[in-house]
1. Cβ-Cβ distance below 9 Å, separation of 6 or more or different chains: which pairs start in the range 72-94 with a residue that is open to solvent by less than 40 Å² (accessible area, probe 1.4 Å) and end on one that is of a type in the set (Lys, Arg)?
2. Can you go through Ala461, Ala444 and tell me which one is small (Gly, Ala, Ser), without any contact (Cβ under 8 Å) to a residue 24 or more places away in the chain and more than 30 Å from Gln351 (Cα to Cα)?
3. I'm trying to understand the selection: among the residues of the range 257-313, which are of a type outside the set (A, V, I, L, M, F, W, C), assigned to a helix (DSSP H, G or I) and open to solvent by 10 Å² or more (accessible area, probe 1.4 Å)?
4. Answer yes or no: is there a residue in the range 171-180 that is closer than 30 Å to Phe47 by Cβ, of a type in the set (A, V, I, L, M, F, W, C) and part of a loop (DSSP other than H, G, I, E, B).
5. Being hydroxyl-bearing (Ser, Thr, Tyr) and under 23 Å from the mean Cα position of the chain (by Cα) is true for just one of Thr108, Thr120. Which residue is that?
6. Tell me which residues, restricted to the range 146-170, are part of a loop (DSSP other than H, G, I, E, B), at pLDDT 90 or above and crowded, with 18+ Cβ neighbours inside 10 Å.
7. Tell me, which residue of the range 314-333 that is outside any helix (DSSP H, G or I) and charged (D, E, K, R) is most open to solvent (accessible area, probe 1.4 Å)?
8. Taking the condition touching a residue at least 12 places away in the same chain (Cβ under 8 Å) and under 13 Å from Val305 (Cα atoms), does Ser332 pass?
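The values are calculated or read from the model by the stated rules, or taken from the named source; none is laboratory data. Here the structure is a predicted model, which is why all the values come from computation and not from measurement. Quick reminder, even Gly has a Cβ in these numbers, built from the backbone with ideal geometry, and neighbours come from all protein chains shown. With ligands, DNA and RNA removed, areas are computed over all heavy atoms of the protein, side chains included. Shrake-Rupley method; radii C 1.70, N 1.55, O 1.52, S 1.80 Å.
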Amino acid sequence: MNPVLKQWAVLASTLVVFALAEAAETQPPSWPKADPAAIANWQAKRFGMFIHFGPVSLSGQEIGWSRGDQTPIEVYDNLYTKFNPTNFNADTWVNVAKAAGMKYIVLTTKHHDGFALWDTKFSDYNIMKTPFHRDLVAELAAACKKQGMPFGTYYSTCDWWHRDFPLTSPGGSVKRETSNLDAYNDYLLNQIRELVTNYGPLLTIWNDVPQMFEGRGAKTIQMIRALQPALAEDLHQTVVIENRTGAGGNIGIAAVVQAAADGYTLGVAAAGVLTVNPHLNRAAMTFDPLKDLVPITLLAEIPFVLVASQQSRFSSVDDVIAAARARPGELSIGHGGNGTAMHLTSALFNQKAGVSIQLIAYRGSAPAAVDVLAGHIPLAVLDVPVSQQLIRDGKLKALGVSAAGRISFLPDVPPLSELGLKDFDSVGWFGLVAPAGTPPEIIARLNAAFVKALNDPAAAAKIRVLGAEPTPSSPEDFAKFIRSENAKWGKLITDAGIKGE
């Protein structure tokens, strides 16, 4: 037997003997026997081995978070020049994991400090620049594949070395004066493409999502996490979330289009990618959402609220329309970003009211809310999570909601359709899609599982906390809804002259 495995087996046996001896001394005679079903359930749990490994191990400190704390930055940042684990053997690692009964291995492929354990082309701070000079991810992935051990990665989205990352140290204590989250997002996506393309198949890509990335897919992730327990119970499968943001959702859904049509790779698509992007950025899209995807179910709808500050002279929608008609082009409405559902809701308000109010784009709903509160803009279209508490606290006036009817979050606020804007109906939404060609029986099975999960009271309550309303549907009804939304917003974009960025 391999000496390492022998040592592991002896240690495991010693622990078991010790545990049994201690139990014999302490358990009462009436101690109940373990239920066989409980034992079987425990044995079926998917335990795996999670490996952190890198230059900072030379200092004996925790990876990433010791930088600038236990380990001075000038020391930490040069540890990689001495990194040379001469006894590393990928097969031994996999053997140890299998002997311990592990079901998979997950490796930290990029640390919080940005150090990459593979031959990445997008950063010089990687293992190929060390004396070790071997692609550790490639070796471990190959060893796992050879021995039938599923292999996954943990990929930190933090990188304190990168010029476009907002922070320069752990915990956010030091911030860069200049940063570019869009450029940094592209950097992350390029590295993830390397991992998926060159080192797969990967069981998963775990990652962390720092606070500054909120709004970049965070709500989608939170919603699916709310459904995970019910889905896992029904489908008998682990639901793994892979967050691929960028290009208004195009990048993530493009990956779904290219996946095998077997029901194992699905996409959560926001309204924009299925019904708005084709009219704003068609040239940048590599797929046709009406032809290359199969709708499974609508997941949730997110209504919006037209608000004004409490100090504003506007107390009703009629006040706003009257002022806009009296002084065309002088009023402004803030919204959550060009091409977003909040932007289109604002444009629809102009169209339905027959007015010309300036539409001011912000990077998300929260900055728009701040400017309304400060009096920098008179009005804004906000989502419920940002506006709800401000309305309840009396800091914002809710003039009307964008949904066709009253909403549970703000039951006392009338819909705009009841305030003179006939047939006003505009909500953000998320839906579940699969690659074209997915067999109908698989679509039906997935639809049944997600509809059941959406109707689960615990899951529905978590989704409502996000300001969304669960809206399960049949595949056929969701397909009709997509076509209807596509036509509606396409016409508005053309009529209003809205352009993509």
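1. From residues that are open to solvent by less than 40 Å² (accessible area, probe 1.4 Å), the pairs are Tyr76/Arg67; Asp77/Arg67; Phe88/Arg134; Val94/Lys146.
2. Working: Ala444 fails: without any contact (Cβ under 8 Å) to a residue 24 or more places away in the chain.
The unique qualifying residue is Ala461.
3. Looking only at the range 257-313, we keep the residues that are of a type outside the set (A, V, I, L, M, F, W, C), and these are 258, 262-265, 267, 272, 275, 277-279, 281-282, 286, 288-289, 291-292, 295, 297, 301, 303, 309-313.
Imposing the further condition that a residue be assigned to a helix (DSSP H, G or I) reduces the set to 258, 272, 275, 277-279, 282.
Selection gives Gln258, Gly272, Asn277, Pro278, His279, Arg282.
4. Among the residues of the range 171-180, not one is closer than 30 Å to Phe47 by Cβ, of a type in the set (A, V, I, L, M, F, W, C) and part of a loop (DSSP other than H, G, I, E, B), which makes the answer no.
5. Details: Thr120 fails: under 23 Å from the mean Cα position of the chain (by Cα).
Of the residues listed, the single one that is hydroxyl-bearing (Ser, Thr, Tyr) and under 23 Å from the mean Cα position of the chain (by Cα) is Thr108.
6. Hit for the range 146-170 is Met149, nothing else.
7. Initial filter on the range 314-333 (outside any helix (DSSP H, G or I)): 314-316, 327-333.
Add one more test, that the residue is charged (D, E, K, R), and what stays is 327, 330.
Working: Arg327: 88, Glu330: 121 Å².
It comes out as Glu330.
8. On the way: touching a residue at least 12 places away in the same chain (Cβ under 8 Å): yes; under 13 Å from Val305 (Cα atoms): no.
Against the criterion (touching a residue at least 12 places away in the same chain (Cβ under 8 Å) and under 13 Å from Val305 (Cα atoms)), Ser332 does not qualify.
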